[in-house]
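Working notes, structure below.
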Amino acid sequence: MAIAKQDGKIVSVGKGTVVTPKGFKADGVHAGLRYTKKDLGVILCEVPASCAAVYTQSHFQAAPLKVTQQSIAVEQKLQAVVVNSACANACTGQQGLKDAYEMRELCAQQFGIAPHHVAVASTGVIGELLPMEKIRTGIKKLQPGDSLDHAEAFQTAILTTDTVMKKACYQTTIDGKTVTIAGAAKGSGMIHPNMATMLAFITTDANISSPLLQETLRSITDVSFNQITVDGDTSTNDMVIVMASGLAGNKELTPDHPDWKNFYEALKKTCEDLAKQISKDGEGATKLIEVRVNGAKTDNDAKKIAKQIVGSNLVKTAVYGADANWGRIIGAIGYADAMVNPDNVDIAIGPIVMLKGSEPQPFSEEEAIAYLQNDVIVIEVDLHLGSGKGVAWGCDLTYDYVKINASYRT
């Protein structure tokens, strides 16, 4: 039985997965792209679903992204997303594009749906062609179901250097109906999304149009997935896809709907939850870092500064070494592209205030070191310039990050 945790009008479903919303099934199999682990997965909807997607802004968008964009452009509906790990199918020229289209066609044939209702995603090594014989065989082995095992098979199939599966599920009430939003994601390294190797797949049974879902996803991405960083690198394959089956039975959502805020907040919580899990599982990471900036001139300034701090290698290494060197935080704030009054800034690491009105404050090094041993480190900054606020998430930088990435292909 799913475990639920109440948070106002939003309920966290502890054992919920991408198949918890009505109308969705999933599966993952070992197609042989990796030695032993599952490496090919699918999410399938009973009906053509409203959809939305955001993509990496890298100049080198991978072939699967181009195919997915073409699919959605036809009628703004999706019924399946097929995903492989181990090979990104990026920077692979015309053959890579041809292979991505073949993946789409194979999935459509397997499940008897229109090819333009299929999205394609890939993750793994850049510059290598997909082993299409293995892909063809693997897609035929996919048998989607709505059990926990099926969901976990999918969640496992999309991972690369991740050490844990990443999932989230929330429920809310709209028009007296229970509406569920759930997601699965992968991401551990090459994480510095700028969407206007991170993948996230979100399912919901809410009744909402594709244009509004697209607008909503873009807005929420700016304060969730775009506010995380592991290593400052943006992948060629970053993508977030949302599919909405509409099977919950609520009236079509609009911003004027009395329960609109419930849906928006539930989707935002799902995205933030996945984003934080990605940050926490950064390659070699031991700690999640959360930076909260208040008092900025604008929300955009606050978001920029928060991400600048959490992305600073000097801040990340200080957190790893439990060194309460707040000067590194000041350094990161100092070169952020945002308005700052250098004469009035507050900084606290956890409960320990280290700078007040830009004046250093006495603090216990022992207490600071003890706090920095925690798994989650919160850094708070107040700029005293306005009401702008923003949050960003990242992780510490460890020796293991270098080890993992020095041998990624071997």
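With a/c under 1.5 counting as rounded, go ahead and sort segment 116-185 into rounded, prolate or oblate using the C-alpha gyration tensor (a ≥ b ≥ c being the square roots of the eigenvalues; past the cut-off, prolate if a/b is larger than b/c, else oblate). Prolate is the answer for segment 116-185, as a/c is 1.5 or above and a/b outweighs b/c. Taking a ≥ b ≥ c as the square roots of the Cα gyration tensor eigenvalues, with a/c under 1.5 meaning rounded and otherwise prolate when a/b beats b/c, else oblate, which class fits segment 40-167? Rounded shape, in that the Cα axes give a/c under 1.5. The largest accessible area among K166, K37 belongs to the first residue in K37, K166, and the rest follow in falling order (1.4 Å probe, all chains).
Distance from the alpha carbon centroid of segment 236-276 to that of segment 146-184 works out to 13 angstrom. As a ratio to 2.2 N^0.38 Å, the alpha-carbon radius of gyration computed for segment 262-410 takes the value 1.08.
For segment 301-407, the list of chymotrypsin sites (Phe, Trp or Tyr not before Pro) that fall in a loop by DSSP and count at most 14 other C-beta atoms within 10 angstrom reads Y335. Is segment 212-271 rounded, prolate or oblate when judged by the Cα gyration tensor, a ≥ b ≥ c being the square roots of its eigenvalues, rounded requiring a/c under 1.5 and prolate requiring a/b larger than b/c? It comes out prolate by the Cα gyration axes.
Pairs exceeding a 27 Å alpha-carbon distance, out of K276/K403; K251/K280; K140/K269; K140/K177: K251/K280; K140/K269; K140/K177.
Can you give the FRET efficiency for F363 and T286, using 1/(1 + (r/R0)^6), R0 = 30 Å, r = Cβ-Cβ distance, to the nearest 0.05? Working from the Cβ atoms, E equals 0.85. With the convex hull drawn over the C-alpha atoms of the chain, the volume per residue is 136 Å³. Per residue, the convex hull spanned by the Cα atoms of segment 37-103 measures out at 103 cubic angstrom. Rounded to the nearest 20, the Cβ-based charge dipole of the chain about its Cα centre (Lys and Arg +1, Asp and Glu -1) stands at 1020 debye. Only protein heavy atoms count here; under a 1.4 Å probe, T298 has an accessible surface of about 60 Å².
Loop-located chymotrypsin sites (Phe, Trp or Tyr not before Pro) in segment 1-86 (DSSP state other than H, G, I, E, B) with a sparse environment of at most 14 neighbouring Cβ atoms within 10 Å: Y35, F60.
With all protein chains kept in place, the per residue accessible area of the chain amounts to 41 square angstrom at a probe of 1.4 angstrom. Straight-line reach from K134: taking Cα to Cα under 29 Å and skipping same-chain neighbours fewer than 8 places apart, the lysines in range are K25, K37, K38, K66, K77, K98, K166, K167, K186. Give me the percent of DSSP beta bridges within the chain that run antiparallel, rounded to the nearest 5. Rounded to the nearest five, the antiparallel share is 75 percent.
The values are calculated or read from the model by the stated rules, or taken from the named source; none is laboratory data. Owing to the predicted nature of the structure, the values given are computational and were not obtained by experimental measurement. Reconstructed Cβ throughout: ideal geometry from the backbone, glycine too, with neighbour counts over all protein chains shown. Keep in mind that these areas ignore ligands, DNA and RNA; they rest on the heavy atoms of the full protein, side chains included. Shrake-Rupley method; radii C 1.70, N 1.55, O 1.52, S 1.80 Å.
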